[in-house]
There are 4 protein chains.
Amino acid sequence: MQNTLVERLKTGCAEEWRAYVEHEFTRNLADGTLSEAAFKHYLIQDYLFLKHFSRAWALMVYKAEDVAAMQSAVAVLDGLLNHEMALHRDYCTQWGIEPDELEAAPEARANMAYTRYVLDAGMAGDRLDLLTTLAPCVVGYAEIGLECARKNEGGLEQHPYAHWIKTYSDDEFQDLARSVREQMDTLFSARGGEHRLPSLQRLFSDATRLEQSFWDMGLHQSQ
Amino acid sequence: MQNTLVERLKTGCAEEWRAYVEHEFTRNLADGTLSEAAFKHYLIQDYLFLKHFSRAWALMVYKAEDVAAMQSAVAVLDGLLNHEMALHRDYCTQWGIEPDELEAAPEARANMAYTRYVLDAGMAGDRLDLLTTLAPCVVGYAEIGLECARKNEGGLEQHPYAHWIKTYSDDEFQDLARSVREQMDTLFSARGGEHRLPSLQRLFSDATRLEQSFWDMGLHQSQ
Amino acid sequence: MQNTLVERLKTGCAEEWRAYVEHEFTRNLADGTLSEAAFKHYLIQDYLFLKHFSRAWALMVYKAEDVAAMQSAVAVLDGLLNHEMALHRDYCTQWGIEPDELEAAPEARANMAYTRYVLDAGMAGDRLDLLTTLAPCVVGYAEIGLECARKNEGGLEQHPYAHWIKTYSDDEFQDLARSVREQMDTLFSARGGEHRLPSLQRLFSDATRLEQSFWDMGLHQSQ
Amino acid sequence: MQNTLVERLKTGCAEEWRAYVEHEFTRNLADGTLSEAAFKHYLIQDYLFLKHFSRAWALMVYKAEDVAAMQSAVAVLDGLLNHEMALHRDYCTQWGIEPDELEAAPEARANMAYTRYVLDAGMAGDRLDLLTTLAPCVVGYAEIGLECARKNEGGLEQHPYAHWIKTYSDDEFQDLARSVREQMDTLFSARGGEHRLPSLQRLFSDATRLEQSFWDMGLHQSQ
């Protein structure tokens, strides 16, 4: 895995990457000490995030060059809109957050910053630029999910955030992350090459920094 | 139906609309006299059309303002990419056109003209502009399908183009057309109003004219 | 002026508007007590802001429906890229910030949030949506510039931020703000109508809130 | 010049390129035998073309990664909207075509096909994709202009299309074409590499074919 594009980009912003995947929010989430208020604030914003994240995958369909790439992107898009967001609504209801509240919640600025950065970089650039800004989310959540699971090897029965940890450590999400890493390599071969690395690194580093802010926003329940 | 936005737009370009839905290609298709070569040329181009038509529905997802509208658009998009295009590939195989041939076929200019017009008008404008340029395709094919079926009330058993006629006269496609007409009215209420009518009419008329060229291209097997 | 669209939108988010135009940053800027460090941090970010603001005006050209609207937008775009940004570079040099430093400066998150929000809302919507998200910047700066000038009626000779205050209180910038207000009304007549008000209000309120964060970022020199 | 990206792309579609630059329309234009009706039809459509061509250069500004690239693109854009289109209006007046007639003329389908193809390919891809679809226009007109001038070395005094020939053979336009060729090479180094050649070739070949159709449209005065 060391030589994949994603690994190279992570190495290129190692400090920011650590600040993101080892954020206080994720550490507290792993050991269950994260406050319920912070988690609920995060959950609501994450629902709004998924909406704009879905728009970014719709752009992937729009920007795809062949039918196979379109089908691959629409599978993710359909999964997000018809599966993950529904699960999210259910999960929120368990935490006492009603669907109406979700839809009406004001979007936090850290949320706007990351999602709109992705959408604009993806529109201005090509599919490789778009996927590079999406990657820190998918790949990072897969790492965080695994690390949370590893820290709870004894079992998640009493864990307040068991559902979240299972979602992102499960095979299904790990497979999505693997697929994104592979698509990055494929696109880098087809449309990239070494010369694009500096501008891809800038996109990846910025996106990683914006993901870190997303955890800040959750932790401090900021708008 | 007389007062729907679609009916008003059709009335606003009645001549172009007739030239499109009553085109020689569709009349010959209805009575089975259309040459096999013309039909096959059309089928190949229609497959390429569906690819860019899907990209336009991906734009609908990107441009949607709420989750319900995104889900509605992704249902069409998923239907196109995973159902209609697969059926198209199967149908083409029955006519001796292999999937490889389909993917590799050069795109006819009339095809580029309509699809790129839709995509650009939809990107430059809002969802109502986008849907207005898509509408002549969906609504027109529904009308043509019904008219072909009406002309073959005695049965389609021996008809060389029975499959095509069934597809576009069937309830499923008629429902899609109805849904597009309703979405047009909803969007016209929410984002439109009478002042937008002239610019919407221009989009609808242009798109209708470009659909008419698509039949010309099929009939004359032009590139 | 009370009935212009801009005035209605300001009234619709009166609290956020006040928090933006009467922000501590602008009050300190007016009376000259703003720290030099805060001002310089703001100046650098404002240069990066102008780059993406220019991209938004380029979108206005792309989305324009007629040549006159394209010419009007390109005049602003050309003014930004070839006049205002050059002045900005000169002004920064006076404050000891070299052009190289400007171009290489990392973009603060509050900067990304506002600019990318504008670019995405403008791409997803139409010209009226785009202009509505740009308006808080142009109209707000014109108000702030005038208010700063009013508070310094005795003269700006000794004022550390005299240049800034003159730029935004001068006729040239006031004319730009007037033109934006007029274009908003024209577009609202042509493409809008009362039904669009709720969604336009959301865009305007969000953009105002993001402008407020821009001052926060300057004041606290945050990244 | 043999090894520039543009030369490689031209070689990759040599037949289409010849069909475009040595089109009957351009041969008749060179020797002055082109009918006035055909030329006037072309002139009107070319004005409408310039509008959408300008929108494509506005996209170049939107998609630029640094201020220098934005300034370079806005110089072309400003030249098109405030200089070339004004000259075009004047020139049309000399041929008895009034500005009102120009603005109101319906856009021919061949015009829509090329311009919207450029705009969509440019939006879906990156700046290199966009420039690759614009290049056949700029580089081709520069070649055609020079060839027309070469065939009229004895002088253009009595030539009905002297103005057109001078415009595109003059240094100013030749410099623009040189700049486009250079930008292509720069972008190919920065964002491309050999792996992108097949998809760039497809864009360039399609665009060349669509330029050829533009001459057909002029010659046959088709809509």
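Determine whether B:T167 is of a type in the set (S, T, N, Q) and surrounded by 22 or more Cβ atoms within 10 Å (Cβ to Cβ).
Values: of a type in the set (S, T, N, Q): yes; surrounded by 22 or more Cβ atoms within 10 Å (Cβ to Cβ): no.
Here the answer is no, as B:T167 does not meet what is asked.
From B:T93, B:T132, which residue is more than 10 Å from every other protein chain (Cβ to nearest Cβ), of a type in the set (S, T, N, Q) and crowded, with 19+ Cβ neighbours inside 10 Å?
On the way: B:T93 fails: crowded, with 19+ Cβ neighbours inside 10 Å.
Of the residues listed, the single one that is more than 10 Å from every other protein chain (Cβ to nearest Cβ), of a type in the set (S, T, N, Q) and crowded, with 19+ Cβ neighbours inside 10 Å is B:T132.
With the requirement that a residue be in a loop (DSSP other than H, G, I, E, B) and either among the polar types (S, T, N, Q) or at negative phi (or both), what does region D:109-159 give you?
In the first step, residues of region D:109-159 are kept if they are in a loop (DSSP other than H, G, I, E, B); the result is D:125-126, D:152-159.
Within region D:109-159, D:G125, D:D126, D:N152, D:E153, D:G154, D:L156, D:E157, D:Q158, D:H159 meet the criteria.
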From the option list B:N28, B:N3, single residue qualifying as polar (S, T, N, Q), at pLDDT 95 or above and at negative phi is B:N28
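Rundown of residues vs (1) among the polar types (S, T, N, Q); (2) in contact with a helix residue (DSSP H, G or I) (Cβ under 9 Å, 6 or more places away or on another chain); (3) crowded, with 22+ Cβ neighbours inside 10 Å, yes/no style:
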site	(1), (2), (3)
C:Q158	yes, no, no
C:H163	no, yes, no
C:L176	no, yes, no
C:V180	no, yes, no
C:S222	yes, yes, no
Counting only residues in region D:1-35 that are in contact with an Asp or Glu (Cβ under 8 Å, 6 or more places away or on another chain) and among the hydroxyl-bearing types (S, T, Y), the one nearest to D:L210 (Cα to Cα) is identified as D:Y20
In region B:179-194, is there at least one residue being away from chain C (no Cβ under 14 Å), in contact (Cβ under 8 Å) with a residue 12 or more places away in the chain and closer than 30 Å to B:A37 by Cα?
no
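Looking only at region C:46-91, filter to residues that are among the small types (G, A, S) and closer than 14 Å to D:Q71 by Cα; which one of those is modelled with the lowest pLDDT?
Step one: list which residues in region C:46-91 are among the small types (G, A, S), which gives C:54, C:56, C:58, C:64, C:68-69, C:72-73, C:75, C:79, C:86.
Then keep just the ones that are closer than 14 Å to D:Q71 by Cα; that gives C:54, C:58, C:75, C:79, C:86.
Details: C:S54: 97, C:A58: 98, C:A75: 94, C:G79: 91, C:A86: 88.
Here the answer is C:A86.
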* To do: Could you tell me whether region D:42-65 includes any residue that is farther than 24 Å from B:M123 by Cα, in a helix (DSSP H, G or I) and in contact with a Gly (Cβ under 8 Å, 6 or more places away or on another chain)?
  => yes
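Output the residue which, of all residues in region C:43-67 that are small (G, A, S) and facing chain D (nearest Cβ under 8 Å), is surrounded by the fewest Cβ atoms within 10 Å (Cβ to Cβ).
Checking each candidate, the answer is C:A64.
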Check: Does A:V74 satisfy the condition of being farther than 21 Å from A:L219 by Cβ, in contact (Cβ under 8 Å) with a residue 24 or more places away in the chain and of a type in the set (A, V, I, L, M)?
Finding: no
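Is it true that some residue in region B:105-113 is over 30 Å from C:E65 (Cα atoms) and either out of contact with any Lys or Arg (no Cβ under 8 Å at 6 or more places or on another chain) or of a type in the set (S, T, Y) (or both)? Full working, then the answer.
Narrowing region B:105-113 to residues over 30 Å from C:E65 (Cα atoms): B:105-106.
Within this subset, residues satisfying the condition of being either out of contact with any Lys or Arg (no Cβ under 8 Å at 6 or more places or on another chain) or of a type in the set (S, T, Y) (or both) are B:105-106.
Checked region B:105-113: at least one residue is over 30 Å from C:E65 (Cα atoms) and either out of contact with any Lys or Arg (no Cβ under 8 Å at 6 or more places or on another chain) or of a type in the set (S, T, Y) (or both).
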Within region A:200-220, restricting to residues that are within 14 Å of chain D (Cβ to nearest Cβ) and touching a residue at least 40 places away in the same chain (Cβ under 8 Å), the one that is surrounded by the fewest Cβ atoms within 10 Å (Cβ to Cβ) is A:Q201
Selection from region A:139-156 of residues in contact with a Leu (Cβ under 9 Å, 6 or more places away or on another chain) and surrounded by fewer than 18 Cβ atoms within 10 Å (Cβ to Cβ) yields A:A149
Checked region C:160-178 for anything closer than 21 Å to C:L34 by Cβ, over 12 Å from the mean Cα position of the chain (by Cα) and part of a helix (DSSP H, G or I); matches are C:A162, C:H163, C:W164, C:I165, C:K166, C:T167, C:S169
B:T33 passes all but one of the listed conditions (1) part of a helix (DSSP H, G or I); (2) free of Cβ contacts under 8 Å to residues at least 24 places away in the same chain; (3) more than 9 Å from chain A (Cβ to nearest Cβ); the exception is number (1)
For region A:144-155, pairs from a residue that is of a type in the set (S, T, N, Q) to a residue that is surrounded by fewer than 17 Cβ atoms within 10 Å (Cβ to Cβ), with Cβ under 9 Å and 6 or more apart or across chains, are A:N152/A:D31; A:N152/A:G32; A:N152/A:A162
The correct count of residues that are more than 22 Å from A:A207 (Cα to Cα) and out of contact with any His (no Cβ under 7 Å at 6 or more places or on another chain) in region A:170-192 is 3
A:A73 fails exactly one of (1) closer than 30 Å to B:L77 by Cβ; (2) in a loop (DSSP other than H, G, I, E, B), namely (2)
Selection over region B:146-202 where residues are aliphatic (A, V, I, L, M) and within 16 Å of B:A135 (Cα to Cα) yields a count of 7
In region D:68-84, residues that are facing chain C (nearest Cβ under 10 Å), hydrophobic (A, V, I, L, M, F, W, C) and surrounded by fewer than 20 Cβ atoms within 10 Å (Cβ to Cβ) total 2
Looking across region C:1-27 at residues that are of a type in the set (S, T, N, Q) and in contact with a helix residue (DSSP H, G or I) (Cβ under 8 Å, 6 or more places away or on another chain), the single one that is farthest from C:A110 (Cα to Cα) is C:T4
Taking region C:96-108 and the residues there that are outside any loop (DSSP other than H, G, I, E, B) and either among the hydrophobic types (A, V, I, L, M, F, W, C) or more than 9 Å from every other protein chain (Cβ to nearest Cβ) (or both), the one that is nearest to A:R209 (Cα to Cα) would be C:A104
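The values are calculated or read from the model by the stated rules, or taken from the named source; none is laboratory data. Everything quoted here is computed from the prediction, not taken from an experiment. With ideal geometry, Cβ positions are generated from the backbone for all residues, glycine too; neighbour counts draw on all protein chains shown.
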